[in-house]
Amino acid sequence: MKWIVLMMAWVVAMPLWAADFETDLAGIQHRWAEIQYQLPEDQQEKAFKDLVTDVEGFVGQYPDRAEPLIWQGIVLSTYAGAKGGLGALGLVKDARQALEAALAIDEGALDGSAYTSLGSLYYQVPGWPLSFGDDKQAEKYLQKALAINPDGIDPNYFFGDFLLEQGKKSRAKVYLNNALRASPRPGREIADTGRREEIADRLAKL
């Protein structure tokens, strides 16, 4: 009888753990979007620094999940962008490490977002000797992201942006328009709105 009671308690607890994970993940995603798209630029660096601490706790709480590591990589890389200068180079290396660790756990987590984020890092950071920037690696990762999530807003946006930087305007237009047609993501309204504004900005350059 005692064993049955314990088993019932375990079964009841399982959805709560799952709910806690989803709640924590949604909180990180929402706060990131607020900082990235709604906060004045002069406040973003401090806010991202605080979010780095939050996401470190998220990773520590779920060490066997890829999703927290993906968001650690995303937060570190956007913090690096807000920080700028040579001080950002260590942050992008830490971001790459987190994303590679996520891939080692689950390549398909969050619709292949680790590949999307790695690809964006590789074409946006400086190359050797300052950092690890590499356009061939960027294209490789971005195409893997598209293979997993061909209709997603982020993989299409970043591949389009990459092609635009390469001067391949006609191909870039195809992927940027694909990104505009992506289905809305429930709970990610701020991020979707901000990303669509970025897409419109890129399309205006064509």
**OP:** Rounded, prolate or oblate: pick one for the stretch 95-206, where a ≥ b ≥ c are the square roots of the eigenvalues of its C-alpha gyration tensor, a/c under 1.5 means rounded, and failing that, prolate if a/b is larger than b/c, else oblate.
**Re:** oblate
Original post:
Going by alpha carbons, how many degrees (0 to 90, nearest 10) lie between the helix axis of 41-61 and the longest principal axis of the chain?
Top reply: 40
**OP:** Note down the magnitude of the dipole of the chain about its Cα centre, charges +1 on Lys and Arg C-beta and -1 on Asp and Glu C-beta and zero elsewhere, to the nearest 20 debye.
**Re:** 580
Subject >> Size of electric dipole in the stretch 99-206: Cβ of Lys, Arg +1 and of Asp, Glu -1, about Cα centre, debye, nearest 20 >> reply: 480
**OP:** Taking every pair of Cα atoms in the chain, average 1/r, invert it to obtain the Kirkwood radius, and report Rg/Rh to two decimals.
**Re:** 1.02
**OP:** State the Kirkwood hydrodynamic radius of the stretch 21-71 in Å, one decimal place, computed from all pairs of distinct Cα atoms.
**Re:** 11.3
Subject >> Sulfur and carbon atoms: percent of accessible area, the stretch 52-182 [1.4 Å] >> reply: 48
Subject >> Per residue solvent-accessible surface (Å²) - the stretch 119-206, probe of 1.4 Å >> reply: 53
**OP:** Could you calculate, for the stretch 38-140, the ratio of the Cα radius of gyration to the Kirkwood radius, expressed as Rg to Rh?
**Re:** 0.97
Subject >> Binned Cα-Cα distance frequencies in the stretch 157-206 - 10 Å width, integer % >> reply: 29, 52, 18, 1
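The values are calculated or read from the model by the stated rules, or taken from the named source; none is laboratory data. Just so you know, these numbers come straight off a predicted model, no measurement behind them. Using ideal geometry, Cβ is built from the backbone for each residue, glycine included, and neighbour counts are taken over all protein chains shown. Heavy atoms of the whole protein, side chains included, go into the accessibility calculation; ligands, DNA and RNA do not. Shrake-Rupley method; radii C 1.70, N 1.55, O 1.52, S 1.80 Å.
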